[in-house]
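Okay, so here's the structure we're looking at.
The values are calculated or read from the model by the stated rules, or taken from the named source; none is laboratory data. Because the structure is a prediction, the values reported are computed rather than measured. Because the Cβ atoms are built from the backbone with ideal geometry, glycine has one as well, and the counts that use them run over all protein chains shown. When the accessible area is computed, the model is the full protein with side chains, heavy atoms only, and any ligands, DNA or RNA have been set aside. Shrake-Rupley method; radii C 1.70, N 1.55, O 1.52, S 1.80 Å.
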Amino acid sequence: MNCKIDYQAPAGLLKERIILVTGAGDGIGRAAALAFARHGATVVLLGRTLSKLETVYDEIEAEGLPQPAIFPLNFEGATLKDYHDMAETLDKEFGRLDGLLHNAGLLGNITPFAQYNPALWEQVMQVNINGPIWMTQALLPLLETSPDASVVFTSSGVGRKGRAYWGAYSVSKFATEGFIEVLADEVEHLGNIRVNSLNPGATRTRMRATAYPGEDPETLRTPEEILPTYLWLMGPDSRGHNGERFDAQPPR
Ligand code: NAP
């Protein structure tokens, strides 16, 4: 297992870095965005619910951290033009991108495949893999401009070992694991971009509570407790690691 849960991130780890976090309004994405800002990064908060992004924005401002930016975007309806407009805006504002955390995710239904709704299947694939892939394509030139860029895709245990009833969610995470290997291999020769996958493991969020309604949330680590591997991957200490799979916590 490739896990850095004991990593002690130095205070200024992400100073001067521009990092985009998807699904930054809630759960793990919210915690990661706050932690990146607390370690010096300028964070771009992307998500589908503006009010949640604004709350995170206000928290960052209230702590006197580098001024963040908000980018409302719903992967369900987003078009290639939206991704390219976003890249243009980021280019004008910052001129480069040093970190990209693909964290937004949709669970879909946990149900036998025989009963899986095809429209929901498409929706989950759109939010979890297709949208993030085309967004990454649009952002590649900005990542190439960075002296040290880290792209992290969020995976799952069911993206590494299939499990009955997990349907599109599981398949989308397998696709994620495949995609990071393809892109990592393509950018390897550039030397300044790394692309890795990260499985958060069981974490106390809304998505986990939906997937496991009978579970006591108090038995789970909070998003804040699983962040050392996120920080390690976004900072310079993970240089040279490309196309690898990481876990944010040891298995339970
Ligand atoms: P969460 O609390 O449900 O957060 C998911 C985030 O994704 C929310 O900010 C949500 O926005 C955003 N999102 C959902 N659909 C979107 C869309 N169409 N467009 C843009 N943003 C969208 O879940 P979480 O547990 O923090 O999950 C974060 C990541 O970790 C996901 O990729 C998930 O698959 C993965 N993961 C979680 C666990 C776990 O135990 N929690 C385990 C393995 C993997 P809104 O708040 O606006 O809905």
Six or more apart or on different chains, Cβ atoms under 6 Å: show the pairs whose first residue is in segment 147-168 and touching a residue at least 24 places away in the same chain (Cβ under 8 Å) and over 20 Å from residue 133 (Cα atoms) and whose second is open to solvent by less than 10 Å² (accessible area, probe 1.4 Å) and hydrophobic (A, V, I, L, M, F, W, C). 166/158
Residue 170 vs (1) part of a helix (DSSP H, G or I); (2) closer than 21 Å to residue 24 by Cβ: all pass except (2)
In segment 105-163, what residues are touching a Phe, Trp or Tyr at 6+ places or on another chain (Cβ under 9 Å) and among the β-branched types (Val, Ile, Thr)? 110, 111, 124, 127, 129, 133, 136, 152, 158
I'd like the full set of residues that are assigned to a loop (DSSP other than H, G, I, E, B) and more than 16 Å from the chain's Cα centre (by Cα), limited to segment 200-231. 204, 212, 213, 214, 215, 216, 220, 222
So the check is Cβ under 8 Å with 6+ separation or different chains; which pairs have a first residue in segment 101-120 that's farther than 27 Å from residue 223 by Cβ and a second one that's β-branched (Val, Ile, Thr) and part of a loop (DSSP other than H, G, I, E, B)? none
I want to confirm something. Restricting to segment 232-250 and keeping residues that are within 16 Å of the ligand (Cβ to nearest atom) and within 15 Å of the chain's Cα centre (by Cα), which single residue is most open to solvent (accessible area, probe 1.4 Å)? 245
With the structure loaded, tell me whether residue 227 is touching a Lys or Arg at 6+ places or on another chain (Cβ under 9 Å) and surrounded by 13 or more Cβ atoms within 10 Å (Cβ to Cβ) or whether it fails that test. no
Conditions (1) within 19 Å of the chain's Cα centre (by Cα); (2) in a helix (DSSP H, G or I); number of the one not met by residue 122: (1)
